[in-house]
1. What about Y170, is it under 18 Å from the mean Cα position of the chain (by Cα), among the aromatic types (F, W, Y) and modelled with pLDDT under 90?
2. Mind listing just one residue for me: the one in region 247-258 that is touching a helix residue (DSSP H, G or I) at 6+ places or on another chain (Cβ under 7 Å) and touching a residue at least 24 places away in the same chain (Cβ under 8 Å) and, of those, surrounded by the most Cβ atoms within 10 Å (Cβ to Cβ)?
3. List pairs: first in region 133-147 and in a helix (DSSP H, G or I), second hydroxyl-bearing (S, T, Y), Cβ under 6 Å, 6+ apart or cross-chain?
4. Being out of contact with any helix residue (DSSP H, G or I) (no Cβ under 6 Å at 6 or more places or on another chain) and surrounded by fewer than 18 Cβ atoms within 10 Å (Cβ to Cβ) narrows it down to one residue among F232, F273; which is it?
5. Among L39, L70, which is at pLDDT 85 or above, touching a Ser or Thr at 6+ places or on another chain (Cβ under 8 Å) and in a helix (DSSP H, G or I)?
6. Whether any residue in region 108-129 is over 23 Å from the mean Cα position of the chain (by Cα), at negative phi and at pLDDT below 90 is what I want to check.
7. Looking only at region 163-180, which residues are more than 16 Å from V236 (Cα to Cα) and in a helix (DSSP H, G or I)?
8. Check off (1) over 22 Å from the mean Cα position of the chain (by Cα); (2) in a helix (DSSP H, G or I) for L250 and give me the number that stays unchecked.
Amino acid sequence: MEKLSRKPRRRKRPSRGRSFFILQAIGIWFKEVSRRIGLVIVHPFRAFSEIAENPDLGGPILVLSLVTALDLVNRYILYTYKTKLYIVKNPGWYQPQPGLPPMNVYTLYTLAMTFLIYMAYMVLKSVLIYYLSAWLLRGERSFTSLLIATIYSFSVYILRKTVEIVFALYILPPVDIYTTVRDDLLALSSSTTLLLLNEDYKRIALALSEASRKAWENLPVSKVMTYVVYGFDLWVYLIGILIVYYITELPKDKAVIVGVLPLVLDVFLRMVFTRPS
């Protein structure tokens, strides 16, 4: 008897697990958020029209994370590669001490928290001004939408921080910082755990960071970068006008007035609290 011919079995396609679909969803979300971030920079009218119709919470979280990470990278470059630290042990004698850099784990953590607090102030200040103004002028009021749109406007700071990193790497010259540190603190410089527990070292590290900042501010090339930074800040304030127009639906003339109120407040506070040097 002839053997019955068997049909070849079809190979089963490998099933795609749950992790594949999760990664795919994350990729789609990241692509959409990145598109919105790009629109805020190159086409803010379209960006905030979309955000007003379809706000999302993931985008603002990504914006804040990217801006904070880039700020820390910039400061790490400044305090690690652009700072020459000298420890003064005896009067008139300077000894290079690479074991005690201005940037350490605690300083990074402190700078990150300080930056996030500053960003929170900037966001809440603008959102409260927009919300109260919309209430007084009988516009549309949505605190959540205003909050999301305001954080999205900080997408401009992603570009700004990138420019600052390039400036720190290739243009900014190194500076010399001199400080006095006890020998016992120098001995602790190799232990991260002990450094985090030592209050004296914390104050020294933050003092070095402040000294470095003041030293860079006195350089002529840094003054040029300061004006560039002011330009990015002005860019964000102007975007605030679009936020007010699209979210609160106020008339254009009123939206312009409300949109520049955070800038007016910041200029006023700087004039009041900044002492002339």
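1. no
2. At the first step, the residues of region 247-258 found to be touching a helix residue (DSSP H, G or I) at 6+ places or on another chain (Cβ under 7 Å) are 247-248, 250, 252, 255-256, 258.
Applying the additional criterion that residues be touching a residue at least 24 places away in the same chain (Cβ under 8 Å) yields 247-248, 250, 258.
Working: I247: 29, T248: 25, L250: 22, V258: 24.
Taking the candidates together, the pick is I247.
3. From region 133-147, the pairs are A134/T248; F143/Y131; L146/Y130; L146/Y131.
4. The unique qualifying residue is F273.
5. The match here is L70.
6. no
7. Of everything in region 163-180, those that are more than 16 Å from V236 (Cα to Cα) and in a helix (DSSP H, G or I) turn out to be E164, I165, V166, F167, A168, L169, Y170.
8. Result: L250 fails condition (2) only.
The values are calculated or read from the model by the stated rules, or taken from the named source; none is laboratory data. As the structure is a prediction and not an experimental result, all values here were calculated from the model. Neighbour counts run over all protein chains shown; Cβ positions are idealised from the backbone, glycine included.
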